[in-house]
């Protein structure tokens, strides 16, 4: 049996047992496992990793470890100023298209309300999510750490919070979506871009008070759902404004 030393930094410690945080962890192994296999055996899913230093030199997830190696593993974090070529996220930037697991329906709608392309269906298995993420180049968002460990997933993020608004803020910050906001561009139900529609064409679909107080409407060409800028739009605009204020302040 061989032993290598691992140290996880920053947000990667969220995946460790409390007694292992801010500590060097001894990893015992046979043969020559890949770094990816070792870090996932210790609980850290590979899409959360941005930089690996193997004996103080940059390494890949597929690189094998040997007895006595010292491995430092870092998350994506703006505070680190890495030399060119070190950062996985800079070498292979994540697309601003997402696929969410079946438990994140409310987050999916919130992301679509912001205009962020978000694939979501209630009947997708973990294997299907991983396959779609690979085929369509999507970022996986989930509360299931096991899902993120599937080897075909390139980009992914484990949501720390269980509350939708906090989850949304996590995603915006992690994937730098500040310039991607386009509220009411997408249908909240089917992710299709909506189109402006004359009030007269959808009058029968409108609640009485909406007919009275609103004149600007949008409709999904796919599922025919109708949208207008009501109180939910105002709340989302306020949320965006507060996010930007927090970012700049």
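Read the figures in this text as sums done on the coordinates, not as results from a lab. Just so it is clear, the model here is predicted, and its values are computed rather than measured. Here the Cβ positions follow ideal geometry from the backbone for every residue, glycine too, while neighbour counts run over all protein chains shown.
The simple spin-label model puts a point 7 Å past each Cα toward its Cβ; for residue 143 and residue 60 those points are separated by 3.6 nm.
Taking the longest Cα principal axis of the chain as reference, the axis of helix 231-248 is set at about 40 degrees.
Stretched out straight at 0.36 nm per residue, the stretch from residue 213 to residue 17 would grow longer than its current Cα-Cα span by 65.1 nm.
On the principal axes of its alpha-carbon atoms, the range 99-145 has extents of 27, 20, 19 Å, going from largest to smallest. Placing pseudo-labels 7 Å out from each Cα toward the beta carbon at residue 189 and residue 203 gives an inter-label distance of 2.3 nm. Separation of the range 133-206 and the range 61-110, taken as the distance between their Cα centroids, equals 18 angstrom.
Multiplying the residue separation of residue 136 and residue 162 by 0.36 nm and removing their Cα-Cα distance gives an extension gain of 6.7 nm.
Equivalent ellipsoid semi-axes for the range 94-184, as square roots of 5 times the alpha carbon gyration tensor eigenvalues: give them largest first, rounded to whole Å.
In descending order, the three semi-axes are 19, 14, 12 Å.
The helix-only estimate of mean residue ellipticity at 222 nm for the chain, built from DSSP H runs of length n ≥ 4 each weighted as -39500 (n - 2.57), is -8000 deg cm²/dmol after division by the residue total.
Relative to the dominant Cα principal axis of the chain, helix 164-174 is inclined by about 60°.
Rounded to the nearest 10 degrees, the inclination of helix 126-136 to the longest alpha-carbon principal axis of the chain is 80 degrees. Annotation: the antiparallel percentage among DSSP beta bridges lying fully within the chain is about 60.
What whole-number volume per residue, in cubic angstrom, does the convex hull of the C-alpha atoms of the range 36-93 give?
Convex hull volume per residue, Cα atoms: 85 Å³.
Calculated FRET efficiency, residue 173 to residue 196, Cβ-Cβ distance, R0 = 35 Å: about 0.65 to the nearest 0.05.
Remark: 192, 154 ranked as 192, 154, counting other beta-carbon atoms within 10 Å and listing the fewest first. Ranking of 40, 200, 169 by neighbouring Cβ atoms within 10 Å, starting from the fewest: 200, 169, 40. Neighbour counting of Cβ atoms within 10 Å sorts the residues 126, 234, fewest neighbours leading, into 234, 126.
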